[in-house]
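Notes follow the structure.
The values are calculated or read from the model by the stated rules, or taken from the named source; none is laboratory data. Keep in mind it's a predicted model, so treat the numbers as computed, not measured. Please note: Cβ atoms are built from the backbone with ideal geometry, for glycine as well, and neighbour counts cover all protein chains shown. Ligands, DNA and RNA are stripped out before the accessible areas are found, and what is left, the full protein with its side chains, is counted by its heavy atoms. Shrake-Rupley method; radii C 1.70, N 1.55, O 1.52, S 1.80 Å.
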Amino acid sequence: MTDQLESPSTISEDPQVIHNVDSEGMEDEKKIEVEEQESFPSVFSNNDEEAHAEEPSVPLHRNASTEKTEAKPRSIPPPGAGQKIYEIDSLLLGFRDHIDYRYAQYKKIRKEIDKYEGGLEVFSRGYEKLGFTRSETGITYREWAPGAKSAALIGDFNNWSPSADTMSQNEFGVWEIFLPNTADGSPAIPHGSRVKIRMETRSGVKDSIPAWIKFSVQAPGEIPYSGIYYDPPEEEKYVFKHPHPKRPKSLRIYESHVGMSSTEPVINTYANFRDNVLPRIKRLGYNAVQIMAIQEHSYYASFGYHVTNFFAPSSRFGTPDDLKSLIDRAHELGLLVLMDIVHSHASNNVLDGLNMFDGTDAHYFHSGSKGHHWMWDSRLFNYGSWEVLRFLLSNARWWLEEYKFDGFRFDGVTSMMYTHHGLQVAFTGNYNEYFGYATDVDAVVYLMLVNDMIHGLYPEAVTIGEDVSGMPTFCLPVQDGGVGFDYRLHMAVADKWIELLKKRDEDWKMGDIVYTLVNRRWLEKCVVYAESHDQALVGDKTIAFWLMDKDMYDFMSLDRPSTPLIDRGIALHKMIRLITMGLGGEGYLNFMGNEFGHPEWIDFPRGEQHLPSGKVIPGNNFSYDKCRRRFDLGDANYLRYKGMQQFDQAMQHVEAKYGFMTSEHQYISRKDKGERVIVFERGNLVFVFNFHWHESYCGYRVGCSKPGKYKIVLDSDDLLFGGFNRLNHDVEFFSTEGWYDNRPRSLLVYAPNRTAVVYALVEDEPKATGNLQLTQNVKNC
């Protein structure tokens, strides 16, 4: 896709199945890395099921309102033919053997889950069997740890005695214990008690936090975390009051981190984020908030990506009920809440996490080097393991079911889909890079399964995949043979802006900018961003810092003269964000604070790090000074940051009103390398960008598709946005007939240097002649 983005005519809804993808040849081509299902029907023996059949157990702190609002049965549709992708992209036909094999593996797993587990809907409710569950008569705790020789539940409730509550193991490696209620009818484990599982393993005795724990904390003065039995009394459990908002047609996502969302150098809380940050997000015009670092992670500076406890919300910010209150408030404001979920890897922390959980290297992960990510220093899941599938599918469902999240941004998907993890590989777009021996089919099948489960049980939920490779079929439905994501995170755009910001303005190529923004697969939606949290981390630079550098510290006050660097920086900061949103995708993302050009980087509190080589990496004396967001700067009337924030706010509201990101009508009419002008249409809007550093164009003709009167609806040069107020917003612009830039009509406009202006068609106004338009435009010059 280059210039023309018009949607082609409809695709056949009745694809032919050319051949059976379940053929025996493909079944024999490669055996998936799942244990033999004939001898592994379920980790729960029939005796286990019968023992407590009369006492149905429930996962802990299940919300009472959940049962009422979601009582209707839900089901996941059976697999489709998986052939429609070939109609959408004929280049896939050359790789049909691989793709059909992949789909056959997916269908095989679905069939085995149906046969041995009662279907994907039941299979994805592993939290109702594993971990802690409670019935009327007591508490059951189960843990899959086939490598352990013995196991015991220890904690505050039994004075940490390893002989008090020993567990028994079934034939599938699941350890279990039932703790009956006390004589007065209260649970054997009080709410808030610390718990762990002590196992004798081949590598020694170890105490671990239960893998399915729903809450864990680090006690003051202690290094390791402890699992918490979290089961508050009914009157203390948070009850959701507001329904999920309707899924918007276009996503405008505010990427955020609860801990660093305070203006003060502290770790912020769920409650403060709920009361102070959510209203800000709503006011700025975003319709979704994406929250990072929700899953518990022992190492704060990992940004939440080295997860230790997958089912537990981070205790640094508050309790599970505090998080529910935050999400409920977001829903009240009409905001979707997306979770940054990490299923691509896990922390290598042996004390707090899953690594070496049962004393073996290959419990949840691949063994040896295959199970270690050398760059991230983390463990890699074995997606071909039956119990890993249960764990991860149930984990995704837990957050949707228990906490009412509206969807996920799946982190590190490129690392999952390839055995080389995308490291030291330059993806060129050649399809051989996507469909070959470097593809981890087990991981791709897992992604198909989790998307199948999410969209089948929660049709309004959103899934976004972080993929830099450009994997074909990534955002096509699983039924049609795709991976099933709703959106791909369009990561190449941010890299392109950093590349350009290292060059002189004279070296920016308009065609290069346009190509990068529109270079995405047909029918596969993208969430685009000019910068995310990645660019805000210490060691990198935000767009604002690339543009204005140290001048930001001395010349952002309105009571001091500006500098050429500040003027250029503010102008281009606005233009870059608008053209990214205007051309780059069907959704848009911004990391908190970057909307107003946050002047400081992110640096988590840390001490000195001594490497085995003897090298010492200096710390920051465990300071929180750079681990916060200075929202006060964007709100200050006396600082230039406010104009940048108000422009971003206006940009979001224009998209909300006109819905241009998802408009079917899209056309690029000009990308002039000499004049440095880009002109394009989306819906009934005409976007005009003049990137020239000193040339302004009076009476500049731009093509348009529809006849009528146009008006300015967004102007980056507005005084309110820190501009020079060179455009008259009272002027009306009337189209004239005649082809120009391959468009049937055109307008005459004024295009000042370094500005972006959006013109909207006023459809209910009478049309006028071109002479009137020219007369009025002269005033605008």
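What the table shows:
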read-out: Leading residue at positive end of dipole, the chain (Cβ point charges), from I543, N637, S193; value: N637
read-out: Antiparallel DSSP beta bridges within the chain, as percent of all bridges there, nearest 5; value: 70
read-out: Built amide H within the under 5 Å cut-off of Y710, gap 5+; value: F733, F734, S735, V762
read-out: Proximal lysines relative to K108, as straight alpha-carbon distance under 18 Å, when same-chain residues fewer than 8 apart are discounted; value: K30, K31
read-out: Accessible surface of the stretch 121-168, 1.4 Å probe, proportion on carbon and sulfur as whole %; value: 45
read-out: Under 11 Å, Cβ to Cβ, from N287 - net charge with Lys/Arg +1 and Asp/Glu -1; value: +3
read-out: Surrounding net charge for D467, when Lys and Arg each add one and Asp and Glu each subtract one, Cβ distance under 15 Å; value: -4
read-out: Over the stretch 480-630, equivalent-ellipsoid semi-axes from the Cα gyration tensor in Å; value: 30, 24, 14
read-out: Accessible area of the stretch 506-601 belonging to carbon and sulfur atoms, whole % at 1.4 Å probe; value: 56
read-out: Length-normalised contact order for the stretch 459-594 - Cα pairs under 8 Å, 6+ apart - percent; value: 25
read-out: Mean separation of Cα contacts under 8 Å, 6 or more apart, over the residue count of the chain: relative contact order %; value: 11
read-out: Alpha-carbon centroids, the stretch 733-751 and the stretch 601-624: separation in whole Å; value: 58
read-out: For the stretch 521-580, alpha-carbon Rg and Dmax in angstrom; value: 14.6, 50
read-out: Solvent-accessible area per residue, Å², over the chain with all protein chains present [probe radius 1.4 Å]; value: 38
read-out: Ranking by accessible area, most exposed first, for C704, C698 with a 1.4 Å probe; value: C698, C704
read-out: Equivalent ellipsoid semi-axes, the stretch 466-560, via Cα gyration tensor eigenvalues times 5, rooted, Å; value: 34, 16, 10
read-out: Semi-axes of the equivalent ellipsoid for the stretch 128-182, Cα gyration tensor, largest first, Å; value: 18, 15, 8
read-out: Kirkwood hydrodynamic radius of the stretch 185-256, Cα pairs, Å; value: 16.3
read-out: Cut-off under 5 Å, modelled amide H: who pairs with L558 long-range; value: L639, R640
read-out: Hydrodynamic radius by Kirkwood, which averages 1/r over all alpha carbon pairs of the stretch 328-388, in angstrom; value: 13.3
read-out: Debye, to nearest 20: dipole size of the chain, +1 on Lys, Arg Cβ, -1 on Asp, Glu Cβ; value: 2480
read-out: Exposure rank, largest accessible area first [F157, F311; 1.4 Å]; value: F157, F311
read-out: Positive-end residue, the chain charge dipole about Cα centroid, Cβ charges, pick of H420, S124, S203; value: H420
read-out: If the convex hull is drawn through the Cα atoms of the stretch 457-502, its volume per residue in Å³; value: 70
read-out: Simple Cβ-charge dipole of the stretch 114-270, Lys/Arg +1 and Asp/Glu -1, about Cα centre, in debye nearest 20; value: 660
read-out: All-pairs Cα distance distribution in the stretch 543-649, expressed in whole percent, bin size 10 Å; value: 13, 37, 27, 16, 7, 0
read-out: Size of charge dipole - the stretch 154-212 - debye, nearest 20, with Cβ of Lys, Arg +1 and Asp, Glu -1, no other charges; value: 260
read-out: For the stretch 587-685, alpha-carbon Rg relative to the globular expectation (2.2 N^0.38 Å, N residues); value: 1.67
read-out: Calculated from backbone phi, Karplus (6.51, -1.76, 1.60) coupling profile of the stretch 628-636 in Hz, x at Gly/Pro; value: 7, 10, 8, 4, 5, 5, x, 9, 6
read-out: Between the stretch 531-568 and the stretch 387-430, the Cα center-to-center distance that results, in Å; value: 34
read-out: The stretch 371-492 - percent relative contact order, Cα under 8 Å, separation 6 or more; value: 24
read-out: For the chain: span of alpha carbons on each principal axis (Å, largest first); value: 91, 65, 57
read-out: Calculated [θ] (222 nm, deg cm²/dmol) that DSSP helices of n ≥ 4 give over the chain, each run adding -39,500 (n - 2.57); value: -7000 deg cm²/dmol
read-out: Dipole-positive endmost among P472, A152, G384 within the chain (Cβ charges, Cα centre); value: P472
read-out: Computed log₁₀ I(q)/I(0) - Debye formula, equal Cα scatterers, no solvent, the stretch 124-242, q 0.09, 0.21 Å⁻¹; value: -0.26, -1.30
read-out: Integer Hz, Karplus 6.51/-1.76/1.60 couplings in order for the stretch 96-105, x for Gly and Pro; value: 5, 4, 5, 5, 5, 4, 4, 5, 5, 5
read-out: Dimensionless Rg ratio for the stretch 332-426, taking C-alpha atoms and the 2.2 N^0.38 Å reference; value: 1.20
read-out: 5 angstrom amide H check on E255, placed H, neighbours 5+ away; value: Q290, N590, F591, M592
